[in-house]
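The values are calculated or read from the model by the stated rules, or taken from the named source; none is laboratory data. If you're wondering where the values come from, they're calculated on a predicted model, not measured in any experiment. Glycine also receives a Cβ, built like all others from the backbone with ideal geometry; neighbour counts cover every protein chain displayed. Heavy atoms of the whole protein, side chains included, go into the accessibility calculation; ligands, DNA and RNA do not. Shrake-Rupley method; radii C 1.70, N 1.55, O 1.52, S 1.80 Å.
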Amino acid sequence: MMAGAGGPVFDDARRVAMAGAFQEGGAHYDKVRPGYPEESLDWLSSGLDVRDVLDVGAGTGKYTQLLAGRGWRVTAVDPSADMLEQLKRNLPAVKTLPGTAESTGLAAGSVDLAVAAQAWHWCDPAAASTELARVLRPGGVLGLVWNQLDVSIPWVHRLSRIMHAGDVHKPDFRPRVGAELHDLGLHETRWEQVVTPEELLELAKSRSYYLGADGPTRAKVLDNLRWYLFEHLRHVSGEEVALPYFCHTWRVHT
């Protein structure tokens, strides 16, 4: 099943297997993965009377931090107990539940806003759309959010290839959603994360390709990345590097 037009293509077995790579390693993921720009949530919640929010596929809470900062009642759902444990350490006031976008465990009509950040490509979009439309109140909004390396910049494009950053979408990407949801809209935010070369190596280790690879493949990825950063780009240890991203925030309505 396709994750969406112009995006990564997985059949169901491949999607489940790759998503399973994130069952462990919550502390490392939380340390190396970027957060999200406030502008994403500003646009997503514009015009909504928000009281209750669901962050599905919440992971360690990278997007949950934005939601919790607004003073809303937030529930975070993820299939990984390890990821949720890290989230609870970071955000003890947030309610956490084991679950998935296809089966959240929430009551019908219980949230005003649902968000899947860096997670929709791991879902069955038809089943997840049905479930999230069920838990959203009338007039509610589902947000689908991706941080993307800005591969329009040549050095970043090559970096993404070496890291096997498979979630970099093609320009024609549109997330696939069910018939229960409508009025798909997009907002784009360009931003930068300041990192060191060593942190880029750690970022590569948090990618699904690396997590699912064998030892020799992992070593090859890191060797290639060290060559690219230190020899080809001539960065030095501890140097601050501005890593360009754009954040795609998609919004659909019930």
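What dipole magnitude, in Debye to the nearest 20, does the stretch 91-203 give about its Cα centre under +1 on Lys/Arg Cβ and -1 on Asp/Glu Cβ?
Working: 9 positive and 14 negative charges, 38 e Å.
Charge dipole, the stretch 91-203, about its Cα centre: 180 debye, nearest 20.
Checking the a/c ratio against 1.5 first, then a/b against b/c, what shape does the Cα gyration tensor give for the stretch 49-114? Oblate.
On full extension of the chain, what length is gained from residue 233 through residue 188, given 0.36 nm per residue of separation minus the C-alpha to C-alpha distance?
Numbers: separation 45, 0.36 × 45 = 16.20 nm, distance 2.82 nm.
Here the segment from residue 233 to residue 188 would lengthen by 13.4 nm.
Annotation: per residue accessible area for the stretch 139-196 equals 49 Å², rounded to a whole number [probe 1.4 Å, protein chains only].
Can you give the longest run of the chain that contains no GluC sites (Glu not before Pro) sitting in a DSSP loop with at most 15 other Cβ atoms inside 10 Å? Present the calculation step by step, with values, prior to reporting the outcome.
Working: sites that count: 24, 239, 240.
Within the chain, the longest run free of exposed GluC sites (Glu not before Pro) spans 25-238.
The listed residues 82, 55, 49, 214, once ranked by accessible area (1.4 Å probe) with the largest placed first, stand as 49, 214, 82, 55. By the helix-only formula, in which each DSSP H run with n ≥ 4 contributes -39500 (n - 2.57) and the sum is divided by residues, the chain has a 222 nm mean residue ellipticity of -9000 deg cm²/dmol. Largest mean-square fluctuation among 146, 120, 227, in a Gaussian network model of the chain whose springs join Cα atoms under 10 Å apart, belongs to 227. Rounded to the nearest 10 degrees, the angle from helix 154-163 to the longest Cα principal axis of the chain is 80 degrees.
Restricting attention to the chain, close to 60% of DSSP beta bridges with both partner residues there are antiparallel. Over the stretch 61-156, with every protein chain in place, what whole percent of the accessible area is carbon and sulfur at 1.4 Å, could you tell me? The C+S portion of the solvent-accessible surface of the stretch 61-156 is 56 percent. Distance between the C-alpha centres of the stretch 207-245 and the stretch 112-180: 25 Å, rounded to the whole angstrom. Rolled with a 1.4 Å probe across the full set of protein chains, the surface gives residue 194 an accessible area near 90 Å². For residue 117, the residues whose modelled amide H falls within less than 5 Å of its own, excluding neighbours fewer than 5 places apart on the same chain, are 56, 145.
Using modelled backbone amide H atoms (1.01 Å from N, in-plane), which distant-in-sequence or interchain residues come within less than 5 Å of residue 243's amide H? Under 5 Å from the amide H of residue 243 lie the amide H atoms of 193, 194, 195, each far enough along the sequence or on another chain.
Tell me, what % of the accessible area of the stretch 163-254 is carbon and sulfur with a 1.4 angstrom probe?
On the way: 2410 of 4850 Å².
Answer for the stretch 163-254: carbon and sulfur cover 50 percent of the accessible area.
Using the Cβ-Cβ distance between residue 224 and residue 38 with R0 set to 51 Å, the FRET efficiency from 1/(1 + (r/R0)^6) comes to roughly 0.90.
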